[in-house]
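A.B. asks: Dumping the structure here so I can ask a few things about it.
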Amino acid sequence: MDLANALKNLKQVNNQNLLVGFDTSDDAAVYKINEDTAMIQTLDFFTPVVDDPYIFGQIAAANALSDVYAMGGEPVLALNIVCFPTCLDMSILGEILRGGQDKVIESGAVLVGGHSIKDDEPKYGLSVCGLINPKNICKNNSAKINQNIILTKPIGTGIINTAVKAEMAKKEEIEESIKVMSKLNSYPKEILQKYDIHTMTDVTGFSLLGHLKEMSEGNEISIKIDVSSIPVIRGAEYYASMGIIPGGAYQNKSFVEPHIKCIDENLKTTPLYDVLFDPQTSGGLLICVDEKYTSSLISELKDYGCLSYSVIGKTIEKTDKNIILE
């Protein structure tokens, strides 16, 4: 959120070929090459969220690739971004890079080197380039009234990762969290065109409610969420009840809470309420789809192997709050 404020001070880029810039806090930039092709460009990297370097590489790569999928595109090219201390064995870096490469290969893209610097703490990620037809771009703020919202992964990875650091997380909880974070947000691109999908974003550090707030901005809608339908990783609510919550969740809460209305104010006293602000690593996609297409889309997502395919809410006419929780 500090970066978002810094970006507001930058001059707006006026270029007729820049179809998506940083003004809408979207997942990636999109630049038109010709009438049939646009380039998607994104970059993301972070410090380790798991101890295993190979798995960390996979998670970081899946997270970076997700921005291209969230725009409706297909990743084609990737570059490594590496910060690594000289005090650690280079075999660790080798495993991080191997994990990242395997995930890039799984996506169908090509990894072609990158850049590294010495740093006190390991950091890894990717710069990813993708392609899309300009007519098929998905944005995070183009939803229409009376569309259903589908979430494709459970939330709670930030809390589980915090529990891991506290040496409290159970094996099965860790394994589920790793499965969620390392899963690509890929899908057959024909799905988006088939179901006329133009609004989508992925859930990352801004939390589920933070990204829902972004989806409600820039157009005349609010979003009504059925909190009981939101999939949550096992253990996340339990650890939240103990106060094992990442610091980013409190930042998300302070920023987003003024834009939320709870039908039942008792929700605010529950652990689930804290999970809704939990910063995610490589979270799922939020997809807005017309009601007439919802059942068919969910069936296809299920057949394709998505971890979750829950309808968690719908878009409604604009109210005095961006999000209504019921």
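The values are calculated or read from the model by the stated rules, or taken from the named source; none is laboratory data. What you see is a predicted model, and the numbers here were worked out from it, not measured in a lab. Glycine also receives a Cβ, built like all others from the backbone with ideal geometry; neighbour counts cover every protein chain displayed.
A.B. asks: So in the range 187-245, with the set limited to residues that are surrounded by 18 or more Cβ atoms within 10 Å (Cβ to Cβ) and among the aromatic types (F, W, Y), which one is modelled with the highest pLDDT?
C.D. replies: Going through the qualifying residues, I end up with Y239.
A.B. asks: Tell me which residues, restricted to the range 169-215, are under 27 Å from I105 (Cα atoms), touching a Pro at 6+ places or on another chain (Cβ under 7 Å) and assigned to a helix (DSSP H, G or I).
C.D. replies: V180
Quick grid of which residues meet (1) out of contact with any strand residue (DSSP E or B) (no Cβ under 7 Å at 6 or more places or on another chain); (2) buried (at least 24 other Cβ atoms within 10 Å of the Cβ); (3) assigned by TED's automatic domain parsing to the domain that holds F22; (4) not small (G, A, S):
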| residue | (1), (2), (3), (4) |
| --- | --- |
| V50 | yes, no, yes, yes |
| Y54 | yes, no, yes, yes |
| I59 | yes, yes, yes, yes |
| V68 | no, yes, yes, yes |
| E74 | no, no, yes, yes |
| L79 | no, no, yes, yes |
| C83 | no, no, yes, yes |
| C87 | yes, no, yes, yes |
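A.B. asks: Here's another thing I want to ask about it. Taking G130 as the residue in question, decide whether it is of a type in the set (G, A, S) and at pLDDT below 95.
C.D. replies: So G130 fails the test.
A.B. asks: Of the residues Y293, Y304, Y309, only one is loosely packed, with under 14 Cβ neighbours inside 10 Å, within 22 Å of K194 (Cβ to Cβ) and in contact (Cβ under 8 Å) with a residue 60 or more places away in the chain; which?
C.D. replies: Selected residue: Y304, the only one of Y293, Y304, Y309 that is loosely packed, with under 14 Cβ neighbours inside 10 Å, within 22 Å of K194 (Cβ to Cβ) and in contact (Cβ under 8 Å) with a residue 60 or more places away in the chain.
A.B. asks: Which residues, counting only those in the range 85-128, are in contact (Cβ under 8 Å) with a residue 40 or more places away in the chain and in a strand (DSSP E or B)?
C.D. replies: Within the range 85-128, K123, Y124, G125, L126, S127, V128 qualify.
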